[in-house]
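Worksheet: one structure, shown below.
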Amino acid sequence: MSQPTIESILKEKRTFAPSSQFSERACIKSWEQYQELYNRAAQDPIKFWEELAEQELDWFQKWDQVLDWTNPPFAKWFVNGKINISYNCLDRHLTTPRRNKAAIIWEGEPGDSRTLTYAQLHREVCQCANVMKQLGVKKGDVVAIYMPMIPEAAIAMLACARIGAVHSVVFGGFSAEALRDRINAAQAKLVVTADGGFRKDKVVALKEQVDLAIADNHTPSVENVLVVERTKEKVPMEAGRDHWWHDLQAGVSAHCEPEMMDSEDMLFILYTSGSTGKPKGVVHTTGGYNLYSHMTSKWIFDLKDEDVYWCTADVGWITGHSYIVYGPLSNGATSVMYEGVPRPSNLGCFWDIIEKYGVNIFYTAPTAIRAFIKMGEHHPNARDLSSLRLLGTVGEPINPEAWMWYHKVIGKEKCPIVDTWWQTETGGVMITPLPGATPTKPGSATHPFPGIIADVVDLDGNPVGDNEGGYLVIKHPWPGMMRTVYGDPDRFRNTYWEHIAPKDGQYLYFAGDGARRDEDGYFWVMGRVDDVINVSGHRLGTMEVESALVSHPAVAEAAVVGKPDDIKGEEIFAFITLEGGFTPSDELANELKAHVVQEIGAIARPGEIRFTDGMPKTRSGKIMRRLLRSLASGQEIAGDTSTLEDRGVLDKLREGA
Ligand code: 6R9
């Protein structure tokens, strides 16, 4: 092998098969059925996706060709097909009993709530679409959506889709500056926002941030700002530019024909932060994304008409796009939307919502699960969670001990867990259990979704052996794949398709994650390849060392990074947050080092341990190891920190040094 890959040291062996009660009722009922689907799709992916596109979606006009891959890495799916995703999410349900079914059940942080049936949501989307048209938005224009977690965020997205405008959702927690950059990068004509939102018992003044972002002609493309009244705090409204949503809504028709979109017309741009450099505008188009978010929602979350499904993400992230809005609604499901997050005044709010609405399917992130563990199981134990039948996780590798806690305390050992690996770039879930079919292993995302050909390879593109770490790649285009980096096709090519050179005309999509496949073919994601630590020539992924640390009863969360070392090249530097009831000490640090040695071996022994109250995380909850790496080696923090959740954490960590 010409290039070093990644060594695996994790020894997790537990397995959990779905119960027969679950499997019998599931969309995909057995391991054999999964294998049959997988093999059929692998042999003829074109036919596989074509059949599903015909069966599952409504098209205005059929395609001429399923996949055009003559100009890789730029794919076209369902060439010349005509479709509208808002039609598939709304109109087609109105002629069925789903017409009066809850599409969105929304809960505000202060405890107010609202339910929109499919008929009501359709009406609101049409009105919003007409308002946008009135404000001069046309097919192909970009609309920036900067919103709290309120139904109008989803309504605005669907309204854009309806008239063929491209949405660019900017997470409501981002600063004016981040918003300004994203508006300018895509030349947004309209900004949709709210006076504010409620988060952690405070008012987030969104309109104020919008005003700052567009002040002094910083964003010349913006013609109008549409403002939802949410907090009722007084906000300045600039005449001619700023408009209240409810005022304009009152004057428009509730009929709006969906625009006939080409399958490859742009649906949205979503900015994702690279570890360095400026954020990339990930571009998704209409037909393929609709199909992929639809199919993955249907089979992975096993959606049934009577289910109440809740994904706790924010619509500002891809998870919110694909699994709060488009995927569930295209399937006619009931999707819960919650404005708040667990906070000191209400640590148990998630469990209250599950109890209140009888949530059956719950999809959250490892960062949240580790926080729940730290808060203590008396919170979930005080609520009735018996409605739950399926659990999911996304965003980071889940440490086996966190998985076990989720399984026992939340799932009461009866709910399958789907650990879903995917990215903004992939549009939908790529590697995951199918809950009625796949025996799960804690910490493994298990197997590729049917139609996805995944592999673990070295830098020459050659598959590595069982249990050897390498680079996670996807070998065949799939309908939900990103189409380009907005305005920068070269960056698309360099970032994803050239780390591993195309061979014999085959292009490999490079995900940037390290992984290994075990002897049963299970995929284990080992963390970002940028975060790999090289100890005496052994290249270790972050996930395995962190999981060993988290398996110690004192540890709530762990993040490991490499610190330059004269002899070893790098040594492992571990940042640790402790469970309640434990206090930092040298003895505990030594005990944790010994624990890692015992769990996975001497090679992974942390050279240094630093206790901290919190980790620097992105606003979607991912630990920013890049910043910890700078701290560990005593360097100044460089690069983009605009996605950091809480700057205070960094300052504290610096002081603690
Ligand atoms: C959906 C989303 C993508 C990166 C991805 C990987 C990490 C996400 C994971 C996971 C291990 C999982 N990631 N899910 N790692 N197991 N189940 O999170 O998109 O924000 O673009 O992040 O997140 O490192 O490459 P995005």
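The values are calculated or read from the model by the stated rules, or taken from the named source; none is laboratory data. Quick caveat, the model's predicted, so the values are computed rather than measured. Here the Cβ positions follow ideal geometry from the backbone for every residue, glycine too, while neighbour counts run over all protein chains shown. Surface areas here come from the heavy atoms of the whole protein model, side chains and all, with no ligands, DNA or RNA. Shrake-Rupley method; radii C 1.70, N 1.55, O 1.52, S 1.80 Å.
What are the extents of the Cα atoms of the chain along their three principal axes, in Å, largest first?
70, 56, 50
Cα centroids of region 464-500 and region 152-171: how far apart, whole angstrom?
So the separation of the two Cα centres works out to 27 Å.
Mind running the shape call on region 370-456? Use the C-alpha gyration tensor, a ≥ b ≥ c as the square roots of the eigenvalues: rounded below 1.5 for a/c, prolate if a/b tops b/c, oblate otherwise.
Verdict is prolate for region 370-456.
For region 532-656, calculate the relative contact order in percent as a whole number, restricting contacts to Cα pairs under 8 Å that are 6 or more residues apart. Before the final figure, lay out each step's value.
Values: 200 pairs, mean separation 27.3, N = 125.
RCO, region 532-656: 22 percent.
Under the Cβ-under-4.7 Å rule, which cysteines of the chain stay unpaired?
That list is 27, 89, 128, 160, 311, 349, 415.
Please compute the Kirkwood hydrodynamic radius of region 532-656 from all pairs of different C-alpha atoms, in Å with one decimal.
14.7
Using a 1.4 Å probe on the protein chains only, how many percent of the accessible area of the chain belongs to carbon and sulfur?
Here it works out to 47 percent.
Please go through region 94-141 and write out the trypsin sites (Lys or Arg not before Pro) that DSSP classes as loop and that have at most 14 other C-beta atoms within 10 Å.
138, 139
From Cα pairs below 8 angstrom and at least 6 apart in sequence, can you work out the relative contact order of the chain, rounded to a whole percent?
Result for the chain is 14 percent.
Helix-derived [θ] at 222 nm for the chain: sum -39500 (n - 2.57) over DSSP H runs of at least 4, divide by residue count, nearest 500? Walk me through the intermediate numbers first.
Details: 20 runs with 189 residues, N = 657.
Result for the chain: -8500 deg cm²/dmol, rounded to the nearest 500.
Given a 1.4 angstrom probe, what's the average accessible area per residue across the chain, in square angstrom?
Spelled out: the 1.4 Å probe surface of the chain, per residue, equals 36 Å².
Of the DSSP beta bridges with both residues in the chain, give the percent that are antiparallel, rounding to the nearest 5.
60
May I ask you to list the lysines whose Cα is less than 19 Å away from that of residue 408, ignoring any residue fewer than eight positions away on the same chain?
13, 374, 441
Out of region 40-84, which trypsin sites (Lys or Arg not before Pro) are coil in DSSP terms and have no more than 16 other C-beta atoms within 10 Å?
Working: sites: 40, 47, 62, 76, 82; in loops: 62.
Here the trypsin sites (Lys or Arg not before Pro) that fit, given the DSSP loop and packing criteria, are 62.
Please give me, ordered by residue number, the trypsin sites (Lys or Arg not before Pro) of region 401-438 that lie in loop per DSSP and have at most 16 other Cβ atoms within 10 Å. Walk me through the intermediate numbers first.
Working: sites: 408, 412, 414; in loops: 412, 414.
The qualifying sites are 412, 414.
In the structure shown, do any of 207/617; 62/475; 11/622; 202/232 have a Cα-Cα gap over 21 Å, and if so which?
207/617; 62/475; 11/622
Which distance in nm do the two modelled labels at residue 459 and residue 638 give, with both placed 7 Å along the Cα-to-Cβ direction?
2.0
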